[in-house]
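We did not get these values from a lab; they are worked out from the coordinates using the rules stated. Note that this is a predicted model, so its numbers are computed, not measured. Here the Cβ is made from the backbone with ideal geometry for all residues, glycine too, and neighbour counts use every protein chain on show.
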Amino acid sequence: MELNLKRPLAFFDLEATGLNIAKDRIVEISILKVNPNGSNESKTWLINPDYPITAEASEIHGYTNDDLKDKPTFKQLAKDISRFLDNCDLAGYNALRYDIPMLVEEFLRADIDFEVTNRKLIDVQNIFMKMEQRTLKAAYKFYLQKNLENAHAAEADTMATYEVLTAQLDKYKETEFTDRKGNTSIPVKNDMEALAAFSSHHRNADLIGQFIFNEEGKEVVNFGKHKGKLLEDVFSSEPSYYNWIMKADFPLYTKKMITRIKFRMAK
């Protein structure tokens with residue numbers, strides 16, 4: 001369907017040094033500008049972030065700081081990018097939570113007041129998630145083709161969850177899945193270890209994901225100023241970090257986990 005546009009609509013996506021809107025920097029931006037007459041134009045810029053790229057981010061988009069050291073900085077490109085987006089509404093996937101705030105932060109650092117209050121902001125992910133809801137009731141309807149009665153009653157929801165999982169095992173039997181690295185597998189199988197691995201976003205070291213395991217099985221900080229750093233390295237460089245966690249409002253399990261690491265380091 002051709003878009004009904006009153007002014008240009010710029011679809012864009014960012015790759016960055018990490019996920020922290022306030023601190024991380026853009027390393028790549030690609031924009032597809034669709035004009036009201038149906039024509040379109042696209043531009044992509046690689047950017048020297050002048051800021052460390054986390055290992056997790058590099059693993060996803062493939063760029064390292066060495067790859068980008070000879071590219072222009074965002075400040076050097078900011079006027080060109082701003083001009084290309086002039087009078088455009090904006091669209092993206094997860095754009096409201098990530099891409100748009102990150103882009104605005106970069107413009108402000110470059111002393112460009114990139115105003116968004118006068119633009120229409122469209123998030124394709126939100127449309128998808130609202131129209132294809134991921135509630136238990138929606139999952140029950142999707143997998144079992146019937147309505148969930150007494151939703152939000154604990155017993156009914158428990159039984160529905162069991163039925164949905166068994167239906168998933170039937171539906172996705174022998175179905176291939178390709179992850180962000182391009183690895184292909186058949187992950188939904190009648191094996192609890194495989195299901196546990198596939199259903200998690202990452203391997204939590206504690207239950208709430210404030211600390212996660214990296215690929216080497218080492219505990220990594222997943223929040224705040226030390227995000228992306230090995231917890232052991234943080235304890236070594238900043239011994240007070242342990243005491244801060246123990247006194248702060250963290251779950252008891254998290255405190256138990258970091259105490260175990262502290263004792264492990266003392267051996």
Inset, instruction - Taking the Cα centre of the stretch 133-199 as origin, sum charge times position over the Cβ atoms of Lys and Arg (+1) and Asp and Glu (-1), and report the length of that vector in debye to the nearest 20. - result: 300
Legend entry - Whole-angstrom Cα spans of the stretch 133-199 along principal axes, big to small: 41, 22, 19
Legend entry - Semi-axis lengths, Å, the chain, gyration tensor of Cα atoms, sqrt of 5 times eigenvalues: 36, 31, 18
Inset, instruction - Take a quick pass over the stretch 1-158 and tell me how many lysine pairs come in under 22 angstrom between Cα atoms, counting only ones 8 or more apart or on separate chains. - result: 23
Legend entry - Expected 222 nm ellipticity per residue - DSSP helices of 4 or more, -39500 (n - 2.57), all of the chain, to 500: -11500 deg cm²/dmol
Inset, instruction - Count the lysine pairs in the stretch 177-267 whose Cα atoms lie under 23 Å apart, taking only pairs 8 or more positions apart in sequence or on different chains. - result: 28
Inset, instruction - Determine the shape class of the stretch 211-266: with a ≥ b ≥ c the square roots of the Cα gyration tensor eigenvalues, call it rounded for a/c under 1.5, and otherwise prolate if a/b is greater than b/c, oblate otherwise. - result: rounded
Inset, instruction - Could you let me know the centre-to-centre spacing of the stretch 1-58 and the stretch 215-244, using Cα atoms, in angstrom? - result: 31
Legend entry - Net dipole in debye of the stretch 53-195 [+1 Lys, Arg Cβ; -1 Asp, Glu Cβ; about Cα centre; nearest 20]: 360
Legend entry - Efficiency of FRET between residue 263 and residue 195 - r from beta-carbon atoms, R0 45 angstrom, step 0.05: 0.90
Inset, instruction - Assign unit charges at the C-beta atoms only (+1 for Lys and Arg, -1 for Asp and Glu), then state the dipole size of the chain relative to its Cα centre in Debye, rounded to the nearest 20. - result: 560
Legend entry - 5 angstrom amide H check on residue 122, placed H, neighbours 5+ away: 90, 91, 92
Inset, instruction - Set Lys and Arg Cβ to +1 and Asp and Glu Cβ to -1, take the dipole of the chain about its Cα centre, and tell me which of 98, 243, 210 lies farthest positive. - result: 243
